[in-house]
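One structure follows; several queries about it will come next.
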Amino acid sequence: MASRNQNRPPRSPSSKKEGVEGIPLDKRRRIGMGRTGGATNVERKPFGSVNRKLDVTATSDVGSCAEGSDCGNVEFTKEEVDALVNERLKMKKFDHKGNLELVSELNARLKVCIKWFQKRDESHVEEEGKLQIALDALEKKCTETEAEMKNKEGRFSATISELRQDNACLQERLSKEESEKLDAIACHRKENEARIALEASQASLSKDLEKAQQDILAANQRASSVDDMYKRLQEYNLSLQQYNSKLHAELEVARESLKRVEKEKSTIVENHSTLRGRYSSLQDQLNLARTAQDEALNQKETLANEVKCLRGELQQVREDRDRQVAQVQVLTSDVVKYKESTGESCAKLEYLMEKTKSLEETCSSQREQICLLEHQLTAANEKLKMSDLSSIETRTEFEKQKRTVRELQERLAETENQLVEGEKLRKKLHNTILELKGNIRVFCRVRPVLPDDGTGSEPPVISYPTSTEALGRGIDVIQSGQKYPFTFDKVFNHDASQQEVFVEISQLVQSALDGYKVCIFAYGQTGSGKTYTMMGRPEAPEQKGLIPRSLEQIFQTSQSLMAKGWKYKMQASMLEIYNETIRDLLSTNKSSSTENGAPGKQYTIKHDANGNTYVTDLTIVDVCRMEEISSLLRQAAQSRSVGKTQMNEQSSRSHFVFTLRISGVNEGTEQQVQGVLNLIDLAGSERLSRSGATGDRLKETQAINRSLSCLSDVIFALAKKEDHVPFRNSKLTYLLQPCLGGDSKTLMFVNISPDPASVGESLCSLRFAARVNACEIGIPRRQMLAQMPARPADSRLSYG
């Protein structure tokens, strides 16, 4: 301890003066100009110009940064930071003063680098916040645009579907109207042809009738000339006249019926809408008219033949009067029939003319409807084109928004990568500073709130500051309305997973493979989550603790290093300190783990001159696979002492120590390293009033509290830098002596409970952890061996 105090003398003014005198004249002028010119006129200088010729200008740069003139204007690159972090000081063996100056100069440059990094980190955080706000706004705008587009698209699709349905209906109606129009035109054409044919036949019939009438008049004259000779014929003619008058009367009746038919025709014209249904019947009537016309033509031919016969008979009247009378009767009846057929043909002709006019009117109305439908179809097509254009414009705007969101996401991802790289660099710098300081690193972890915790409606007793400096490193405990702030190297809240915790210590575990002594131990009250942090639940991959995860990383890394020529040999051991008695958890001899100090093997802790710690007669197992370690951990968990208290169903009643000794050799370079990994789960500190321990549990609690009290005494002595540190007061502190007072890389997990009833114990644990974090135990050294050490004859294992 005295040597460590002597290695930290106060810096003399002469050293600073000498450093200033060592600065070249032109650089001193530049520094003077930077001091007098103000912060606004000073140009930023790259780190290479500041770090160039470190052995000559280091002191001047440190002095200038200490005065606060150019620290804010210095820029760093990744290579310069790596060079600064990986710089190895050329220390002289007995020149403590010079070595201290070198270390202080390096610390000053590291502080400048850290300040620069903190500013960059703050700017990155601000930029990330701005980008996140912009991204949220754009995402919100994008979601609104998407919703609006979906609504528009739905409306447009509904409109398009309606327009398509209307178009289909219009097309169907158009095709139907066109077919009806074509049918009406064809019917009209046929009716015109029939009308023309009827007119021609009527004209020919009228001519034949005139001729027949003339012939009849001639025959009557001839008959009158022979009246005297044929009295019977006159009488018969008289009867014929009477019959003719009767026919005239019937003709009047027929005319009246024709008038009635005309009236019916007018009613039929009025009921034109019903005639469409009777169109087929009209076609049948048209066919009948055609047949009637054919019959009339036939009758015409027969009449012509009969006229010829009549002429022959008139010539033979005198010879055969009876036959002439019969022929006259036949002719008269034929004339009546012809007149009747002629009247019907005229009526049908008028009806067909009316129907033709109505069909022409229907065709004109259908043409107007077709034009109207074509206009509607054109308007619908224009509306569809407009909707397509608006949809295309909306899609282009949506694509632009998408591209903007994608660019922002890429920028955000790039910024996050920069933050990750910066965080890695910060961790590396922080670890370098801690190694140079020689302090014990302290991580704090808060377990989640359990259903058994008596929180109820009480406010939380633990909070986390949100400032940039304390984010992820600070924790506040509230007791009786008063806030107690604490700051550690890292603070994990109740949401932190096992993987997140392990990522923070993975580099420390890697140091064991590099040849360093590494010690990680968990401290806290009973029920605060120490065993879960160290062991976890190995059966659940996501809940594995630090011990199985650390061993998995070591085995995986050792396998990957085999390609570079490294070969590793690993030895594991596990023990517990129960009631100030060491127990071998891997021993097959059950007498070594008997209760209440029963006779068994006596294990002794020994330290050699090289700072290594051994436990005699301890079981050592060579391991090369993770399955072997898992089997050993299960065996140790079954052998470990646990018990039930009022604070925990399965409370650890002993201190658990897992040790893995690693020996590595590189066959190509003949380089040899030896590292040790100690993973310790301490028993929980608890008050007798809360635990309710009696009998054996009372003795266990007293022994646990006594060993933890001795650990606290050692920490206080190290913090005060006393000459004598009471490591031998308990076996726990004597076993941890190389970790607390030697050249080991040491990390302590302080586990606390969020239960308001445990706020007193949480404050005690955090205060103890703060004192541990302030202790300086020396700079860790890498163990490089000239050759592989032989295994001790008494099967001892190093805990150094």
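Within the set of pairs 6+ apart or on separate chains, which have a first residue in the stretch 351-370 that is within 14 Å of Ala184 (Cβ to Cβ), a second that is of a type in the set (Gly, Ala, Ser), and C-beta atoms under 8 Å apart?
Within 8 Å, the pairs are Leu352/Ala194; Leu359/Ala184; Thr362/Ala184; Cys363/Ala184.
Go through the stretch 191-227 and report how many residues are part of a helix (DSSP H, G or I) and exposed (fewer than 14 other Cβ atoms within 10 Å of the Cβ).
Keep residues of the stretch 191-227 that are part of a helix (DSSP H, G or I), which gives 191-225.
Filter once more, so that each one left must be exposed (fewer than 14 other Cβ atoms within 10 Å of the Cβ): 192-193, 196-197, 199-200, 203-204, 206-207, 210-211, 213-214, 217-218, 220-221, 224-225.
Count: 20.
Here is a follow-up. For residues that are polar (S, T, N, Q) and buried (at least 22 other Cβ atoms within 10 Å of the Cβ), scanning just the stretch 531-572, find the one that is nearest to Glu700 (Cα to Cα). Spell out how you get there, then give the answer.
Step one: list which residues in the stretch 531-572 are polar (S, T, N, Q), which gives 531, 533, 543, 550, 553, 556-560, 571.
Filter once more, so that each one left must be buried (at least 22 other Cβ atoms within 10 Å of the Cβ): 531, 533, 550.
On the way: Thr531: 18, Thr533: 22, Ser550: 30 Å.
Per the criteria, the residue is Thr531.
Of the residues that sit in the stretch 608-623 and are open to solvent by 20 Å² or more (accessible area, probe 1.4 Å) and of a type in the set (Ser, Thr, Tyr), which one is modelled with the highest pLDDT?
Thr619
Being surrounded by 13 or more Cβ atoms within 10 Å (Cβ to Cβ), in contact (Cβ under 8 Å) with a residue 24 or more places away in the chain and under 22 Å from Asp755 (Cα atoms) is true for just one of Phe521, Phe488, Phe502. Which residue is that? First the steps, then the outcome.
Values: Phe521 fails: under 22 Å from Asp755 (Cα atoms); Phe502 fails: under 22 Å from Asp755 (Cα atoms).
The match here is Phe488.
Among the residues of the stretch 136-162, how many are over 22 Å from the mean Cα position of the chain (by Cα) and open to solvent by less than 40 Å² (accessible area, probe 1.4 Å)? Spell out the reasoning first.
First pass over the stretch 136-162, keeping only residues over 22 Å from the mean Cα position of the chain (by Cα): 151-162.
Cutting the leftovers down to open to solvent by less than 40 Å² (accessible area, probe 1.4 Å) gives us 154, 160.
Looking only at that region, the number is 2.
Still on this structure, please answer the following. Please go through the stretch 494-507 and pick out each residue that is within 27 Å of the chain's Cα centre (by Cα) and either farther than 17 Å from Thr531 by Cα or part of a helix (DSSP H, G or I) (or both). Full working, then the answer.
Within the stretch 494-507, the first condition is being within 27 Å of the chain's Cα centre (by Cα), and the residues that meet it are 494-501, 503.
Correct list: Asp495, Gln498, Gln499, Glu500, Val501, Val503.
Residue pairs, Cβ under 8 Å, 6 or more apart or interchain, first in the stretch 214-239 and at pLDDT below 75, second open to solvent by less than 100 Å² (accessible area, probe 1.4 Å) and acidic (Asp, Glu). List them.
Filtered contacts from the stretch 214-239: Leu233/Asp227; Gln234/Asp227.
Sticking with this one: Based on this model, can you work out whether Gln602 counts as out of contact with any strand residue (DSSP E or B) (no Cβ under 8 Å at 6 or more places or on another chain) and either of a type in the set (Phe, Trp, Tyr) or under 24 Å from Lys424 (Cβ atoms) (or both)?
Working: out of contact with any strand residue (DSSP E or B) (no Cβ under 8 Å at 6 or more places or on another chain): yes; either of a type in the set (Phe, Trp, Tyr) or under 24 Å from Lys424 (Cβ atoms) (or both): no.
For Gln602, the condition - out of contact with any strand residue (DSSP E or B) (no Cβ under 8 Å at 6 or more places or on another chain) and either of a type in the set (Phe, Trp, Tyr) or under 24 Å from Lys424 (Cβ atoms) (or both) - is not met.
Continuing with the same structure: For Met91, only one of the following conditions fails: (1) part of a helix (DSSP H, G or I); (2) open to solvent by 80 Å² or more (accessible area, probe 1.4 Å); (3) aliphatic (A, V, I, L, M). What is its number?
It is condition (1) that Met91 fails.
Answer yes or no: is there a residue in the stretch 597-607 that is out of contact with any Leu (no Cβ under 8 Å at 6 or more places or on another chain), hydrophobic (A, V, I, L, M, F, W, C), modelled with pLDDT under 90 and open to solvent by less than 50 Å² (accessible area, probe 1.4 Å).
Residues of the stretch 597-607 out of contact with any Leu (no Cβ under 8 Å at 6 or more places or on another chain): 597-602, 604, 606-607.
Still in the running and hydrophobic (A, V, I, L, M, F, W, C): 598.
Then keep just the ones that are modelled with pLDDT under 90; that gives 598.
Cutting the leftovers down to open to solvent by less than 50 Å² (accessible area, probe 1.4 Å) gives us 598.
The answer is yes; a qualifying residue exists.
From the residues in the stretch 105-127 that are among the acidic types (Asp, Glu) and over 16 Å from Ser467 (Cβ atoms), which one is least open to solvent (accessible area, probe 1.4 Å)?
If we filter the stretch 105-127 for residues that are among the acidic types (Asp, Glu), which is where we start, we get 105, 121-122, 126-127.
Still in the running and over 16 Å from Ser467 (Cβ atoms): 105, 127.
Values: Glu105: 20, Glu127: 77 Å².
Among them, the one singled out is Glu105.
Being in contact with a Leu (Cβ under 8 Å, 6 or more places away or on another chain) and either under 24 Å from Ser587 (Cβ atoms) or not β-branched (Val, Ile, Thr) (or both) is the filter here, so list the residues in the stretch 555-573 that pass it. Before you say what the answer is, go through the steps one by one.
At the first step, the residues of the stretch 555-573 found to be in contact with a Leu (Cβ under 8 Å, 6 or more places away or on another chain) are 557-558, 561, 568, 570-573.
Residues satisfying the conditions are Ser558, Leu561, Tyr568, Met570, Gln571, Ala572, Ser573.
Still on this model: What is the number of the single condition among (1) open to solvent by less than 40 Å² (accessible area, probe 1.4 Å); (2) touching a helix residue (DSSP H, G or I) at 6+ places or on another chain (Cβ under 6 Å); (3) at pLDDT below 90 that Leu508 does not meet?
(2)
The values are calculated or read from the model by the stated rules, or taken from the named source; none is laboratory data. Given the structure is predicted, the values throughout are model-derived calculations rather than measurements. Quick reminder, even Gly has a Cβ in these numbers, built from the backbone with ideal geometry, and neighbours come from all protein chains shown. We work out accessible area using only protein heavy atoms, side chains counted, and drop any ligands, DNA or RNA first. Shrake-Rupley method; radii C 1.70, N 1.55, O 1.52, S 1.80 Å.
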